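Below is one structure; the comments refer to it alone.
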Amino acid sequence: MNVLEMKNLKYYIKDQLLLDIENLAIQHDDRIGLVGRNGTGKTTLLEILAGLREPDEGSIVTEAATELLPQLKQTETTKSGGEVTQEYINKSLAKKTGILFADEPTTNLDTEHIEKLEKQLSRWRGAIIMVSHDRAFLDSLCTAIWELDGGHIHMYKGNYSVYNAQKELEIRQQENAYENYQQKKRQLENALEQKEQKAQRATKKPKSVSKSEASITGAKPYFAKKQKKLHKTAKAIETRLEKLEAVEKVKEHTPIKMGLPNQEKIAGRIVIRAEDAKADLADRTLWRPASFHIKGGDKIAILGRNGVGKTTLIKKIIAGDQNISISPALKIGYFSQNLDVLETDQTIMQNVSVTSEQDETLIRTVLARLHFYQDDVYKKVNVLSGGERVKVAFAKLFVSDVNLLILDEPTNFLDIEAVEALENLLKDYEGTILVVTHDRRFIQSIANRILSIENEEITLVDGSYEAFTNYKPEKEVNSQEQDLLLIETKITEILSKLSMEPTDRLEQEFQALLAEKRAITSKE
């Protein structure tokens, strides 16, 4: 049963046609993910469907109550962003409407609360249309994907992974179509060239025609007729060539091979070593003393609930905490959502190249991988959207003179296409990466080690995110057993010394250790 139907919907921003949707319907049990680049009109479409905006043309018939969970949450509060988001979610779900429109509902949520939201929405009785850049979230919930591109909706059955596979298939089909187009074009061009060459040769009398034969038949009219026929054939080929439907070549990723400072000195070697590093706030402990190390080339995702101290750990590494030693060969680049590193009155190229020692070709390649093509690089930053500015800020850091990237929530405000472009760049990066993110698919794609902060403990696990989710720590020896082992080790050392050179002092230590051992064993 349809709970919403739209027909011939058009929406303009000034003179630009933003949305042009002929006919779409939503059924009562649909779980639809709405995807598309930033600026294509996803939020606008949700607001129109929820009745908060009027379309310029067309009609919308709704058979159920609607609720919009907005993207931009109010922040005039002492509560954290995650707490505010969770409040909005709880209020929206409590209304139990027939259609829920959710615009980036995972914003500011940590992994635990994202998974909680997935469970809440899976139990929702009604249709859901959601905009999200969290691919794992879309995979968990969606039965269909709507792609908004050029004002039109393209529908795909299945979750995001199925949609992505279909898009990959479309790319392969386009590549095959392009190859066929190029082959056909070459054949027609060669045929055209051959006919034109024959037409030029037709003005000359062939050697096989004798003078007497030519005087009888008339050479000039004969060859003129032949030349005309050849020109006509050539014109027909030219027409076919003009009518040949052009197929655009699929854009290919240019490999990134970038020289990094001191790379040969740090690759595979320990570059960060923490010894009993801890963090406390005024009223509580973030994490207890922890020891771990990071090697050059590691790609580490830092995970944990909001407020456990992930950003604190990053700041301690950058500032050089007394319990964290940093290799002098390490050059740190830090990325956050603070975009004041950009000069808004300068171009993208000027901003990115000013702190880089890479050549222009490589910088252009990096920018192209982030979908800034050709003359796009000459746009001034002040005309860019928020998501585009994030990409420029990242590109500036990526090509600067650093060999450790520390990234704090780099995927915020990026559409899925931009997130995947960022992933591909980081996979090619030969330096070291520390990234704080709640994007599970991003972590799975990038990280080869996981640093988790949970229950005031830091745990560093080798392997992918999947390996981390299946990780079971070895059973720790309790403190009483540790004390006993330590005492027995000391007793062994004292006995060895007593056998060599007995003294009163050693004998007293030996007796004191025996007393400690008896005290511990009596408690068992």
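The values are calculated or read from the model by the stated rules, or taken from the named source; none is laboratory data. On a predicted model such as this, the values are computed, not experimentally measured, just so you know. Here Cβ is always computed from backbone atoms with ideal geometry, including for glycine, and neighbour counts include all displayed protein chains. When the accessible area is computed, the model is the full protein with side chains, heavy atoms only, and any ligands, DNA or RNA have been set aside. Shrake-Rupley method; radii C 1.70, N 1.55, O 1.52, S 1.80 Å.
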Seminar exercise, completed: Bridge orientation stat for the chain from DSSP, antiparallel percent rounded to 5, came to 55
For this session: Enter the angle in degrees (range 0 to 90, nearest 10) between the Cα long axis of helix 81-94 and the first principal axis of the Cα atoms of the chain, meaning the one along which they spread out most.
Result: 70
Problem set entry | Full-extension gain in nm, Q350 to Q508, via 0.36 nm per residue minus C-alpha separation | 49.4 nm
Problem set entry | Percentage of interatomic Cα-Cα distances in segment 294-338 larger than 16 Å | 48
Exercise. What spacing in nm lies between the two simple spin-label points modelled at N470 and N23, each 7 Å away from Cα in the Cβ direction?
Worked result: 4.9
Exercise. So what J values fall out for segment 18-27 if you push phi through Karplus, 6.51 cos²θ - 1.76 cosθ + 1.60 with θ = phi - 60°, rounded to Hz, Gly and Pro as x?
Worked result: 7, 10, 9, 10, 6, 7, 9, 9, 10, 9
Exercise. Whose amide H sits under 5 Å from the amide H of K295, counting only residues 5 or more places off or on another chain, with H placed in the peptide plane?
Worked result: V271
For this session: Above 20 angstrom, tally the Cα pairs of segment 311-381 and express them as a % of all pairs, no decimals.
Result: 47
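Where does the charge balance sit around G41 when Lys and Arg score +1, Asp and Glu -1, over other residues with C-beta under 13 Å from its C-beta? Working shown, then result.
Working: positive: K10, R37, K42, R53; negative: D20, E47, D56, D103, E147, D149, D415.
Charge balance near G41 sits at -3.
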Exercise. Hey, rough spin-label estimate for R123 and L362, points 7 angstrom out along Cα→Cβ, what's it come to in nanometres?
Worked result: 5.3
For this session: Give the residue from G320, L384, Q374 lying farthest towards the positive end of the charge dipole for segment 272-410; charges sit on Cβ (+1 for Lys and Arg, -1 for Asp and Glu) and the dipole is referred to the Cα centre.
Result: G320
Problem set entry | Value of [θ]222 nm, deg cm²/dmol, for the chain, DSSP H segments ≥ 4, -39500 (n - 2.57) each, nearest 500 | -13500 deg cm²/dmol
Problem set entry | Between helix 479-500 and the chain: long-axis angle, C-alpha atoms, 0 to 90°, nearest 10 | 60
Exercise. In segment 77-98, which residues have a backbone nitrogen under 20 Å from the label point lying 7 Å from A282's Cα in the Cα-to-Cβ direction?
Worked result: 77-81
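Evaluate E = 1/(1 + (r/R0)^6) for E5 and N180, where r is the Cβ-Cβ distance and R0 equals 41 Å; express this FRET efficiency to the nearest 0.05. It would help to have the intermediate numbers written out before the result.
On the way: r = 39 Å, r/R0 = 0.96.
Efficiency computed from Cβ-Cβ geometry: 0.55.
Roughly speaking, what is the stretch gain from N262 to Q166, that is 0.36 nm per residue apart minus the C-alpha to C-alpha distance, in nm to one decimal? Could the numbers behind the result be given before it?
On the way: separation 96, 0.36 × 96 = 34.56 nm, distance 4.24 nm.
Value of the extension gain: 30.3 nm.
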Problem set entry | Counting DSSP beta bridges with both ends in segment 77-166, the antiparallel % (nearest 5) | 55
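Under a 1.4 Å probe, what is the accessible area of the chain per residue, stated in Å²? Don't jump to the answer; show the numbers that get you there.
Details: 29670 Å² over 524 residues.
About 57 Å² of surface per residue is accessible.
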Seminar exercise, completed: Pairs over 32 Å Cα to Cα, from K116/K331; K91/K157; K116/K379; K7/K380, come to K116/K331; K116/K379; K7/K380
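For segment 230-352, take the alpha-carbon Rg, divide it by the Kirkwood Rh, and send me Rg/Rh. Don't skip to the answer; put the middle values down first.
Working: Rg = 26.9 Å, Rh = 20.1 Å.
Looking at segment 230-352, the ratio lands at 1.34.
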For this session: Using θ = phi - 60° and the Karplus relation 6.51 cos²θ - 1.76 cosθ + 1.60, list the HN-Hα couplings for segment 402-412 in order, rounded to whole Hz, with x at every Gly or Pro.
Result: 9, 10, 10, 9, 10, 10, 9, 6, x, 8, 4
Exercise. If you work out Rg/Rh (Cα atoms, Kirkwood Rh) from the coordinates, which of (1) 1.18; (2) 0.95; (3) 1.04 do you get?
Worked result: (1)
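What net charge do the residues around A65 carry, taking every other residue with its C-beta under 9 Å from that of A65, with Lys and Arg at +1 and Asp and Glu at -1?
Working: positive: K95, K96; negative: E67.
That works out to +1.
Using a 10 Å cut-off on Cβ atoms, rank the peptides 392-398, 156-162, 89-95, 444-450 from the highest mean neighbour count down.
Working: 392-398: 23.3, 156-162: 17.1, 89-95: 13.7, 444-450: 20.0.
Highest to lowest by the protection proxy: 392-398, 444-450, 156-162, 89-95.
Could you work out the local net charge near L434, counting Lys and Arg as +1, Asp and Glu as -1, over the other residues with Cβ closer than 13 Å to its Cβ? Before the final figure, lay out each step's value.
Numbers: positive: K295, K299, K310, K315, K316, R449; negative: D298, D408, E409.
Residues close to L434 contribute a combined charge of +3.
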Seminar exercise, completed: Phi-derived 3J(HN,Hα) across segment 40-54 with the Karplus relation (6.51, -1.76, 1.60, θ = phi - 60°), rounded Hz, x for Gly and Pro, is 7, x, 5, 5, 4, 4, 4, 5, 5, 5, 7, x, 8, 9, 9
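Could you tell me what percent of the DSSP beta bridges with both partners in segment 296-444 are antiparallel, to the nearest 5? Intermediate values should be presented prior to the final figure.
Values: 2 of 15 bridges.
Roughly 15 percent of the DSSP beta bridges within segment 296-444 come out antiparallel.
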For this session: Post the alpha-carbon centroid distance, segment 314-338 to segment 78-133, in whole angstrom.
Result: 35
Exercise. With every protein chain present, what accessible area does K257 have (1.4 Å probe, heavy atoms only), rounded to the nearest 10 Å²?
Worked result: 150
For this session: Roll a 1.4 angstrom probe over the protein heavy atoms and tell me the percent of accessible area of the chain that is carbon or sulfur.
Result: 48
Exercise. Between T492 and H293, how many nm apart are label points set 7 Å from Cα along the C-beta direction?
Worked result: 2.4
Exercise. Taking amide hydrogens as modeled 1.01 Å from N in the peptide plane, which residues meet the under 5 Å criterion relative to V131, leaving out close sequence neighbours?
Worked result: L34, A102, D103, E104
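Given R₀ = 35 Å, FRET efficiency for E238-Q374 by Cβ-Cβ distance, to 0.05?
Numbers: r = 30 Å, r/R0 = 0.87.
Efficiency at R0 = 35 Å is approximately 0.70.
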For this session: Once you have the Cα-Cα distance between D149 and D462, take 0.36 nm times their residue separation minus that, and quote the gain in nm to one decimal.
Result: 108.7 nm
